[in-house]
Amino acid sequence: GNTFTLIVPEGAVHREQIAITRIASLGGVALGSGVLLGIDVQPDGLQLMKPATLVIEPADTAVIQEYLSHESALLLTGFKYRDTGAGFHYYPYLLDVDDASIRIPVTRFSGYGLSTSSESQRQQQHGYALPSAQDRAHQDLSAILREEARRLFADPNYKPTPDVTAAVFALFETWLDDFVLPFARDAATNDSFLDCAIMQWLDWEATAQMFGVLSNPAESPFADRVAQIESYLATALDYAALLCHARAVVYNDASQIMRLYELEAVRQLLGFTSDIDYWEMLMKITRFTLRFESQLTTLPTHNLNFQIGVKTEDILLELDPEYAWMFLTGEGPINYTGVTGSHLISYSTESCTFAADYVHFSAPPYAHRGCDGFVLPQTLESLGSMFMAISPGFPKEQMTFHVPDSDHTFTLPMGTYWLGGFGGLNQDINNPALGFEISDWDMHYGAPYATKVMQQADEYVSAVTTFTLWYSPLEP
């Protein structure tokens, strides 16, 4: 009956499928057997661009009042872990409680929660070696907060001493110098460190803001190092963006589209300026070539069956700057590849134009690498629906046939025979305002990038239609 709400601010994540699962039990950890309130947030390891908030509302609100008491509040312990339990540590959740809920800041997706712990269990947990400087800082900060809470309960007039402030600053300094700064420096010349560098910086900065360490940035003892880290990261983002363009072209790697988009989002979020035009690069690598061909065949009728073939030239699909992200559009001519049939004497055609618009276009996700070896899972999406429009006018054919067993000929009037047959077979996907909606593509993410084969038939005609999409980035 407990309620868990994860509040994720706009811009904190990009194109991620988020799932939260209630934690039913935990084993092998230094926690008590009292209340257990927590969730596991997926995808594990995803760093948020902005902190989220986990709101826990116990089914019995009396539990909150109980834990606000002197004795019980000191037992309540925040915790965090990765994956299936790696790096379990106490978490400085900065107890934010009202009459009905408890709020915990979330900077990276993993396991979060609250439970009870005794003094002996806390000593046991602090005896474990934690490989991550971030996890060690979290746990040590949790211990400081607990001791400060104990002193405040004992003396409502208690004020933190300079020693406490110095201890907090020392923890942030160690975390910054031993972990955040080295990764930022390495990322400036090696983009394999960039994900971890950004992850560590955002986590350090968010935690430092929560603890008031950066409340006055100009007077902060970390001011010079913060400026150095931001300089390294600005250089690293530009370097990684240039590599995105190169990899997209050299390796025909469409995942660099999402990578470059995310780099630009991070750059804007961090407020960095750049001499590189990220949007121009994005336009150059978000390009595809579409090919479309269709064969319409009539069933034998009075020995006058015929087949009509149409095929487009390669149609370039590019980002349309007037529309939302991932909306591509392009157009090109439809050519007749041939009309054949029993007793066919001649045929003629009128030209037309094929136009395609992509909605919710799908680019393969980029595999993010974390600081401790994990790679975020990739979820490959299917291609969004494509609307195929034939404009201006329609493809028209005129055919003349010889009447069997006679000297007579007859001519079919100029009409939309291919489109009429194709449209009649595909009425279920025809949107009068937008065109034929093509969906359920076979995704290859290689060469070709995606294909769609449609085969339809009724008692009069049959049609085989093939769409092929190729990734076509433009060189720098």
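The values are calculated or read from the model by the stated rules, or taken from the named source; none is laboratory data. Predicted model, so just to flag it, every value in this text is computed and none were measured. Glycine also receives a Cβ, built like all others from the backbone with ideal geometry; neighbour counts cover every protein chain displayed. Just so you know, the surface numbers come from the protein's heavy atoms only, side chains and all, with ligands and any DNA or RNA stripped out. Shrake-Rupley method; radii C 1.70, N 1.55, O 1.52, S 1.80 Å.
How high is the FRET efficiency between E318 and Y251 when r is their beta carbon distance and R₀ equals 35 Å, given to the nearest 0.05? The pair E318/Y251 has a calculated efficiency of 0.95.
For region 90-190, would you read off the P(r) tail past 21 Å as a percentage of all alpha carbon pairs? Can you show the working numbers first?
Details: 2381 of 5050 pairs.
It works out to 47 percent of all Cα pairs.
Partnerless cysteines in the chain, where a partner means another cysteine C-beta under 4.7 angstrom, comprise C244, C352. Site pair A447 and T353 shows an inter-label distance of 3.1 nm when each label is modelled 7 Å from Cα along Cα→Cβ.
Pop the C-beta distance of Q209 and S120 into the FRET formula with R0 = 35 Å and round what comes out to the nearest 0.05.
E(calc), rounded to 0.05, equals 0.55.
Using the Cβ-Cβ distance between D177 and A223 with R0 = 22 Å, the FRET efficiency computed as 1/(1 + (r/R0)^6) comes to roughly 0.95.
Only lysines eight or more places from K452 in sequence, or on another chain, were considered; those with a Cα closer than 19 Å are K311. In this simple spin-label approximation, F272 and Q427 carry label points 7 Å from Cα along the Cα→Cβ vector, and these lie 5.7 nm apart.
Three semi-axes describe the equivalent ellipsoid of region 218-362; taken as square roots of 5 times the Cα gyration tensor eigenvalues and ordered largest first, they are 54, 12, 11 Å.
Quick one: with all protein chains in place, what share of the accessible area of the chain is carbon or sulfur, to the nearest percent (1.4 Å probe)?
Details: 11360 of 22380 Å².
Here it works out to 51 percent.
Taking label positions 7 Å along the Cα-Cβ direction at both Q455 and N190, the computed distance is 5.3 nm, reported to one decimal. Per-residue ellipticity at 222 nm from helix content only, as computed over the chain with -39500 (n - 2.57) for each DSSP H run of at least four residues, stands at -9000 deg cm²/dmol.
How far, in nm, would the chain grow between T21 and A62 when pulled straight, counting 0.36 nm per residue and subtracting the alpha carbon separation?
Numbers: separation 41, 0.36 × 41 = 14.76 nm, distance 2.40 nm.
Here the segment from T21 to A62 would lengthen by 12.4 nm.
Based on Cα contacts under 8 Å between residues 6+ apart, the chain shows a relative contact order of 11 percent. Overall, the ratio between the Cα radius of gyration of region 219-296 and 2.2 N^0.38 Å, rounded to two decimals, is 1.53.
Tell me the Kirkwood hydrodynamic radius of region 194-239 in angstroms, computed as one over the mean inverse distance between distinct C-alpha pairs. Walk me through the numbers before you get to the answer.
On the way: mean 1/r = 0.0895 Å⁻¹.
11.2 Å is the Kirkwood radius here.
Cross-link partners of K80 among lysines, defined as those whose alpha carbon lies under 24 angstrom from its own and excluding same-chain residues fewer than eight positions apart: K50. When peptides 135-142, 313-320, 156-163 are sorted by average Cβ neighbour count within 10 Å, with the highest value leading, the order is 135-142, 313-320, 156-163. Go through (i) 1.17; (ii) 1.08; (iii) 1.10 and flag the label whose value is the computed Rg/Rh (Cα atoms, Kirkwood Rh) for this structure. Looking at Rg/Rh (Cα atoms, Kirkwood Rh) for this model, the match is (i).
What is the packing order of peptides 249-262, 19-32, 327-340, taking the mean over residues of other C-beta atoms within 10 Å and listing the highest first?
Details: 249-262: 20.1, 19-32: 13.1, 327-340: 16.8.
The most tightly packed comes first, giving 249-262, 327-340, 19-32.
Estimated at 0.36 nm per residue, the fully extended path between S101 and T400 surpasses their Cα-Cα distance by 99.6 nm. Average accessible surface for the chain: 47 Å² per residue, computed with a 1.4 Å probe over protein heavy atoms with every protein chain in place.
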